[in-house]
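The values are calculated or read from the model by the stated rules, or taken from the named source; none is laboratory data. Bear in mind the structure is a predicted one, so any value in this text is a computation, not a measurement. Counting neighbours? That spans all protein chains shown, and the Cβs are built from the backbone with ideal geometry, glycine included.
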Amino acid sequence: MATTMYGLGRAGFLTGASGFDWLTGAIQLAFVTSTYSPNYTTDQYLGVAVSSGYIIAQSGTFSSLSQSLGTANAANETVSSVTGAQFSYVTLYSFITSNNLSPLIMNIDTATGLPCTPNGGNIVVQWDTGTNKIFTLCGEADYVDKGAWATIRDAFAHILDRTYTGRLWAGVPTIQQMEPTYEQACAQAEWAERQAKAKEIEKKFGGRIPVFN
């Protein structure tokens, strides 16, 4: 798999749908576990496509959003006091009122530091400072009926294009996990203790946690 834009997200940018203005939208990210199985054709809204149990943490709205010749960028994003299970995706979306109404933009699975297991401290997502930043919309057209020269050209594209991923050039961000403060470490320890207790109860009751009325 590779960092990929959602099909309905691309459609949103083309049609000017609500939330699909990179400079004015409430662009945010979520840390998502590998249990989520992306469907880049049908997945549309964060809260509908991604179970809440798969979302480890969400950020606030990005700052310093910018674009230049089809290249999207923003300031590095810090998510505070992250606890929970290991996550494998950094999922971008435009927040509108609630997760169920927030359209998906792209799913990042290629980043330095992924997968990441939270330690209770802050996690900083550092965007690529190279040519592609967060992502760059490809500026070249592909051929419908490829001849020999087009085939040769595409072979070289994999070598020469900027982190070639089909028709999307994506930067490679860095997930930097900060050392937790004492309070954050305590919160992470409490989470781990609750998880261990839940697994103990599940094992005792045959894989299910009983509900007592």
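Applying the set (1) in a helix (DSSP H, G or I); (2) closer than 19 Å to Ala11 by Cα to Thr41 leaves exactly one unmet item: (1). Could you give me the residue pairs with C-beta distances under 6 Å whose first residue belongs to the range 21-34 and is of a type in the set (Val, Ile, Thr), whose second residue is modelled with pLDDT of 95 or more and not in a loop (DSSP other than H, G, I, E, B) wherever it lies, and which are 6+ apart or on separate chains? Short answer, once both residue conditions are applied: Ile27/Ser94; Val32/Tyr54; Val32/Ile55; Val32/Phe87; Val32/Tyr89; Val32/Thr91; Thr33/Tyr54; Thr33/Phe87. How many residues are over 23 Å from Val32 (Cβ atoms) and at pLDDT 65 or above when one looks only at the range 160-195? Adding up the residues that qualify gives 8. Number of residues in the range 102-143 that are in contact with a Lys or Arg (Cβ under 7 Å, 6 or more places away or on another chain) and either of a type in the set (Phe, Trp, Tyr) or at pLDDT 95 or above (or both) equals 1. If I filter the range 59-66 for residues that are more than 26 Å from Asn122 (Cβ to Cβ) and either in contact with a strand residue (DSSP E or B) (Cβ under 7 Å, 6 or more places away or on another chain) or loosely packed, with under 13 Cβ neighbours inside 10 Å (or both), do I get at least one hit? No, the conditions are met nowhere in the range 59-66.
Which of the residues spanning the range 46-58 are surrounded by 19 or more Cβ atoms within 10 Å (Cβ to Cβ) and outside any loop (DSSP other than H, G, I, E, B)? Steps first, please.
To start, the set of residues in the range 46-58 that are surrounded by 19 or more Cβ atoms within 10 Å (Cβ to Cβ) comprises 46, 49-50, 54-56.
Matches in the range 46-58: Leu46, Ala49, Tyr54, Ile55, Ile56.
Going through Thr117, Thr131, Thr110, Thr97 one at a time, which residue ends up being hydroxyl-bearing (Ser, Thr, Tyr), under 20 Å from Tyr6 (Cβ atoms) and surrounded by fewer than 16 Cβ atoms within 10 Å (Cβ to Cβ)? Spell out the reasoning first.
Values: Thr117 fails: under 20 Å from Tyr6 (Cβ atoms); Thr131 fails: under 20 Å from Tyr6 (Cβ atoms); Thr110 fails: surrounded by fewer than 16 Cβ atoms within 10 Å (Cβ to Cβ).
Just one listed residue meets the conditions, Thr97.
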